[in-house]
Amino acid sequence: LGHAGLGRGLLEYSANALANRAWVWLRQGELERAQSTAEEALSIWVQFELYPFEWMALVPLMALSARRNALDEAARYVRRVVAARQVPLPGSVPAVLRDFIDAHDRGTHDAAAVLLNQALADLPDGYC
């Protein structure tokens, strides 16, 4: 999609649409499309000082990383999801994600993988 010349509001809506499309691609098993579309949404939001809904693209990226057992990559996404500037995910998910980061940073990768998958499973239907 071409984004040059769009105002902030239209850029935000464009990125939101891309993030939503990434979720659809993920649910349909189009993993490469999900990855590239979520990354495109993030590339737009990074232009803003604060955008509290980056998790819309980060959650599909976390799920994709979990499928590949790419825990270092997942940790980068999770750190952004649990950042104070993001609207928190529901329920116990933020706490489980923080536990994932702790396990990852300690090098206990088996435990980290379990926690990441638990967090994804604990999300309400439709999140990933």
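The values are calculated or read from the model by the stated rules, or taken from the named source; none is laboratory data. Computed from a prediction, not measured in an experiment: that's the story for all the values here. All Cβ positions, glycine included, derive from the backbone under ideal geometry; neighbour counts span all protein chains shown. Just so you know, the surface numbers come from the protein's heavy atoms only, side chains and all, with ligands and any DNA or RNA stripped out. Shrake-Rupley method; radii C 1.70, N 1.55, O 1.52, S 1.80 Å.
For the chain, the longest principal axis of the C-alpha atoms and the axis of helix 109-122 are separated by about 60°.
For the stretch 87-99, backbone phi angles converted through the Karplus equation (6.51, -1.76, 1.60; θ = phi - 60°) give residue-by-residue couplings of 5, x, 6, x, x, 7, 4, x, 5, 5, 5, 5, 5 Hz, Gly and Pro being listed as x. Helix 8-27 and the longest principal axis of the Cα set of the chain meet at an angle near 50°.
Mind grabbing the accessible area of ARG79 for me, 1.4 Å probe, Å², rounded to tens? Only protein atoms counted, so the area is about 100 Å². Ligands, DNA and RNA left out, the accessible area of the stretch 6-63 computed with a 1.4 Å probe is 54% carbon and sulfur. Here r is the Cβ-Cβ distance between VAL24 and LEU50 and R0 is 30 Å; the resulting FRET efficiency, rounded to 0.05, is 0.70.
Structural descriptor for the stretch 65-125: relative contact order 35 percent, calculated from alpha carbon pairs under 8 angstrom and at least 6 residues apart. Per residue, the accessible area of the chain comes to 52 Å², computed with a 1.4 Å probe over protein heavy atoms only. Labels on offer are (i) 13.6; (ii) 7.5; (iii) 8.0, and the one holding mean projected area of the Cα convex hull in nm² computed from this structure is (ii).
For the stretch 77-128 versus the stretch 22-71, the spacing of their alpha-carbon centroids is 15 Å. Computed over protein heavy atoms with a 1.4 angstrom probe, the accessible surface ordering of SER14, SER92, largest first, is SER92, SER14.
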